[in-house]
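The values are calculated or read from the model by the stated rules, or taken from the named source; none is laboratory data. Note that the structure is predicted; figures quoted are calculated from it, not measured. Backbone-built Cβ (ideal geometry, glycine too); neighbour counts: all protein chains shown. Each accessible area value is taken on the protein alone, full model and side chains, heavy atoms only, with ligands, DNA and RNA left out. Shrake-Rupley method; radii C 1.70, N 1.55, O 1.52, S 1.80 Å.
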Amino acid sequence: MAKSKNNAKKLSYISVPSQIINSISSSSLQSLLESPKKCARHSKFFSFFKWGRPRLFLFILSLLAFFTMLKLGFNLATPFSPFPCATSVGFSKSLPGGVVLSRKSGVLDGGDDTVSEPLITSVQLHAQVPRGVETGEEIEKSEFWEQPDGLGYKPCLGFSREYRRQSEGVVKNRRRYLMVVVSGGMNQQRNQIVDAVVIARILGAALVVPILQVNVIWEDESEFADIFDLEHFKSVLANDVRVVSALPSTHLMTRPVEGSPPPHATPSWIRSHYLRRFNREGVLLLRGLDSRLSKDLPPDLQKLRCKVAFDALRFAKPVQELGNNIAERMKSKGPYLALHLRMEKDVWVRTGCLPGLSPEYDEIVKTERINRPELLTAKSNMTYHERKLAGLCPLNAVEVTRLLKALGAPKSARIYWAGGQPLGGKEALQPLINEFQNLYSKEDLALPEELEPFANKASLMAAIDYIVSEKSDVFMPSHGGNMGHAIQGHRAYAGHKKYITPNKRHMLPYFLNSSLPEEEFNRIIKELHQDSLGQPELRTSKAARDVTKYPIPECMCNDS
């Protein structure tokens with residue numbers, strides 16, 4: 001008895017499989033929904049009391065009393081609902097950790113096949129909460145979820161009078177058309193699209209919807225309008241750059257001027273090298289824009305970069321809706337953390353790092369690096385160990401787990417992990433799963449038919465991860481990269497939502513020190529990250545820092 005009083009309680013859920021619901025006719029379901037709210041179990045019980053045999057009734061009553069005593073003495077859980085007449089509409093899909101997906105009642109009467117907010121199903125079981133596991137209330141109060149002080153900064157995109165005066169001539173131009181081919185993964189393509197808009201503005205040209213080159217690794221053939229909302233893109237930029245879906249007939253037979261800007265190309269370089277031939281031919285085709293445009297641009301062009309990245313590049317409606325739905329499912333139980341885990345095979349190959357799972361997996365990475373040297377983008381004059389200590393390698397699951405624990409992440413925190421399948425599969429994630437059991441991916445949280453349209457389309461899957469990660473209460477990447485940088489800027493622009501930047505170079509020596517007590521280790525790690533939690537950070541190094549990662553002061557301002 002004393003033991004049961006001391007233990008906290010939580011709710012678990014049982015849901016009805018969709019196969020059962022699908023086997024019931026619509027008329028049967030409708031009759032169930034429209035029937036009077038009368039508890040059938042209680043009705044049968046009292047009917048039996050009235051008409052049944054007295055001896056048999058007394059025998060059953062004795063059995064019930066006996067099981068009641070057992071429950072009180074041994075704390076047995078009852079399978080009956082505390083709300084015996086409760087009903088739920090539609091079917092649901094149970095997920096680990098008590099997350100429940102349910103289908104709207106519209107399915108029953110021929111409505112849209114959409115997914116509603118998570119619902120509590122009709123049967124609720126009481127279970128004991130193990131010692132050391134936080135309740136939902138304790139999770140929400142944990143300091144881990146506290147947000148940084150945004151210091152009153154908010155988006156501030158006031159263009160100069162000269163910029164606005166020139167805009168009319170730029171958007172009305174019908175002579176010059178800029179075509180661009182963007183490469184890489186979705187986030188890499190996103191960066192190049194931002195640069196393409198700025199270059200079109202510099203040259204006073206209309207921008208033809210960017211062509212997305214098929215990536216050799218992901219092999220995704222998605223086009224611009226498959227990933228992004230094209231009409232929204234055109235509308236937001238209507239006063240800055242004219243965006244057209246294709247070249248007009250007057251320019252179809254034109255032989256375009258081709259080029260690839262050098263790294264850190266300035267507006268003056270772009271004008272001096274392209275404008276004369278551009279005026280003559282009318283069409284300019286640029287390739288290889290990745291990180292080519294200078295980070296140090298005039299204030300109006302910096303504002304334009306922010307406008308494209310944070311306002312114009314909205315995802316296509318089907319992608320946005322699924323991302324929003326998954327984010328809502330994560331939020332339905334309170335705050336959540338989004339982790340961007342860079343543990344795919346190609347990441348280990350490209351970075352010159354090793355996963356550290358086992359000698360067999362390390363050998364797989366080394367062999368791939370030898371067979372495909374073009375994938376290695378890191379400097380090859382450093383050993384793996386040197387790269388690791390320099391903070392140039394992604395964190396593996398063991399390191400991510402230790403970092404989160406040291407920063408005070410609650411043991412029962414819900415975590416959404418974004419990214420491709422890690423090398424080693426579930427084995428690679430096991431250290432994280434062992435410590436944080438409420439770990440979900442989009443595959444866990446979406447119904448099969450929801451993900452089906454995006455199957456084998458890495459860019460669309462990455463877009464879903466981006467949406468859920470951007471909407472999280474806390475975000476942390478295991479490695480830098482384009483997505484981490486984009487979300488850092490996006491979260492800053494949205495009011496400086498918490499963003500943990502792992503201080504890999506300074507913290508890894510402490511990870512390797514096995515003699516360091518855990519309490520001391522946690523104190524050191526917290527101290528190393530006290531200024532890396534998403535606080536406002538000015539773009540002081542103009543040449544190295546991208547405004548879409550550090551939007552202050554060009555794109556954000558405060559009252560002071």
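Brief remarks follow.
- From phi via Karplus (6.51, -1.76, 1.60), per-residue ³J(HN,Hα) for the range 471-481 in Hz, x at Gly/Pro: 8, 5, 6, 9, 10, 8, x, 7, 8, x, x
- Taking θ as phi - 60° and the Karplus parameters 6.51, -1.76 and 1.60, the scalar couplings of the range 544-554 work out to 9, 9, 7, 5, 6, 9, 10, x, 9, x, 5 Hz in sequence order, x denoting glycine and proline.
- Net charge of neighbours whose Cβ lies under 10 Å from the Cβ of residue 461, counting Lys and Arg as +1 and Asp and Glu as -1: -1
- For residue 285, residues with placed amide H under 5 Å, excluding near neighbours: 179, 257, 258, 259
- Entries of 154/405; 331/526; 388/457; 317/504; 411/542 with Cα pairs more than 29 Å apart: 154/405; 388/457; 317/504; 411/542
- Put the Cα centre of the range 330-373 next to the Cα centre of the range 384-438 and the gap is 10 Å.
- Residues in the range 161-312 average 46 Å² of solvent-accessible surface per residue, probe 1.4 Å, ligands and nucleic acids excluded.
- Local electrostatic count at residue 285 - Lys and Arg +1, Asp and Glu -1, tallied over other residues with Cβ under 11 Å: 0
- Long-range HN-HN contacts of residue 336 with modeled amide H, under 5 Å: 473, 474
- Long-range HN-HN contacts of residue 556 with modeled amide H, under 5 Å: 156
- Dividing the C-alpha radius of gyration of the range 161-312 by 2.2 N^0.38 Å, with N its residue count, gives 0.98.
- For the range 370-517, the per residue solvent-accessible surface stands at 41 Å², with DNA, RNA and ligands left out and a 1.4 Å probe.
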